[in-house]
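Here's the structure we're looking at; comments come further down.
The values are calculated or read from the model by the stated rules, or taken from the named source; none is laboratory data. Small disclaimer: the values here were computed from a predicted structure and weren't measured. Positions of Cβ are generated from backbone atoms using ideal geometry, with glycine treated the same way; all protein chains shown enter the neighbour counts. Areas reflect the complete protein model, heavy atoms only, side chains present, ligands, DNA and RNA absent. Shrake-Rupley method; radii C 1.70, N 1.55, O 1.52, S 1.80 Å.
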Amino acid sequence: MNAMAILTERDRTAVRKEFEKLTGPVKLVVFSQELVAGDLCRQNEQLVREVATLSDKLTVEVLNPAIDRERAEPYRVDQVPAIAVEGARAYGIRFYGIPSGYEFSNLIDSIIVASTGEPALSEETKASLQALAEDVDIKVFSTPT
Amino acid sequence: MRLAQHMAVASERVRATAIEATEFPELSRAYQVMGVPKVVINDRVQFEGAVPEQDFLGAVLQAVAPA
């Protein structure tokens with residue numbers, strides 16, 4: 001029992017149950033920069049590592065955008081702490097800030113959809129999105145509560 | 001707002017970033033975040049609050065439509 005754990009036993013049990021839906025591997029890429037936001041980056045990294053222990057389909061990579069420049073650049077992440085969620089391909093899913101509360105369930109849901117590659121969207125929506133001729137950047141601002 | 005992440009999985013064209021507004025006050029100010037969730041698409045179309053899938057898709061299509 002780790003006294004400093006962020007996730008409670010109840011959280012872990014709930015997430016493990018959710019992770020029964022995982023089918024393919026998912027990589028969580030954590031962006032940390034000690035000099036910019038040390039405490040937040042450490043908490044974020046710890047949270048991601050705790051989540052990753054809940055399924056053997058999850059792996060974690062930590063990048064410092066200022067040091068691992070070549071590795072970090074393609075992600076176009078301009079804030080820390082941040083997380084990229086990758087499955088069969090680099091889906092372009094990013095989280096800026098520590099995902100807690102609502103954003104935590106959003107992260108778990110994103111891991112599941114990245115793993116299955118099966119978005120819960122109507123056939124019409126999927127067809128429209130696949131026909132896009134331009135890049136689309138969606139930012140969703142939210143708060144923990 | 002989980003639709004954005006699902007859309008990112010559905011299309012290589014779509015990128016979805018979930019931003020913790022309180023941790024990034026400057027970014028939130030820049031995008032005039034007053035209420036959450038607030039969605040901004042291609043820095044061009046924006047709306048507040050949860051919307052049905054069809055409306056979200058409509059906003060995406062509006063964001064790539066010719067001006």
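A few comments on the model shown:
- Taking every C-alpha pair closer than 8 Å and separated by at least 6 residues, the mean separation divided by the residue count of chain B gives a relative contact order of 22 percent.
- Averaged over A:109-115, number of beta-carbon atoms from partner chains that fall within 10 Å: 3
- Restricting attention to chain A, the count of lysine pairs at 8 or more positions apart or across chains with alpha carbons under 22 Å apart stands at 7.
- Dipole magnitude (debye, nearest 20) for the stretch A:9-130, charges at Cβ of Lys, Arg, Asp, Glu: 160
- Simple Cβ-charge dipole of the protein assembly as shown, Lys/Arg +1 and Asp/Glu -1, about Cα centre, in debye nearest 20: 180
- Exercise: per-residue mean of other protein chain Cβ atoms within 10 Å, B:49-57: 2
- Amide hydrogen proximity for residue A:61: with H placed 1.01 Å from N in the peptide plane, the residues at 5 or more positions away or on another chain lying under 5 Å are A:28, A:29, A:30.
- Cα point-scatterer Debye curve for chain A, base-10 log of I(q)/I(0) at q = 0.09 Å⁻¹: -0.29
- Our coupling estimate for the stretch A:80-88, obtained by passing each phi through the Karplus curve with A = 6.51, B = -1.76, C = 1.60 and θ = phi - 60°, is 10, x, 8, 9, 10, 10, 10, x, 4 Hz, Gly and Pro reported as x.
- Peptide A:116-128 has a mean shielding of 5, counted as Cβ atoms of other protein chains within 10 Å of each residue's Cβ.
- Legend: P(r) of the stretch B:20-67 from all alpha carbon pair distances, 5 Å bins from 0, whole percents, reading 5, 21, 28, 21, 15, 9, 1.
- Rounded to the nearest 20 debye, dipole of the stretch B:20-67 from Cβ charges on Lys, Arg, Asp, Glu: 160
- With θ taken as phi - 60° and the Karplus curve 6.51 cos²θ - 1.76 cosθ + 1.60 applied, the whole-hertz 3J(HN,Hα) list for the stretch A:21-36 is 7, 5, 10, x, x, 10, 10, 9, 9, 9, 10, 10, 9, 3, 6, 8 Hz, x standing for glycine and proline.
- Separation of alpha-carbon centers, the stretch A:1-68 and the stretch B:33-67, rounded to whole Å: 29
- Area buried, chain B against chain A - accessible surface, total, 1.4 angstrom probe, square angstrom: 4600
- Extreme residue, positive dipole direction of chain A, given options A:32, A:79, A:92 (C-beta unit charges): A:32
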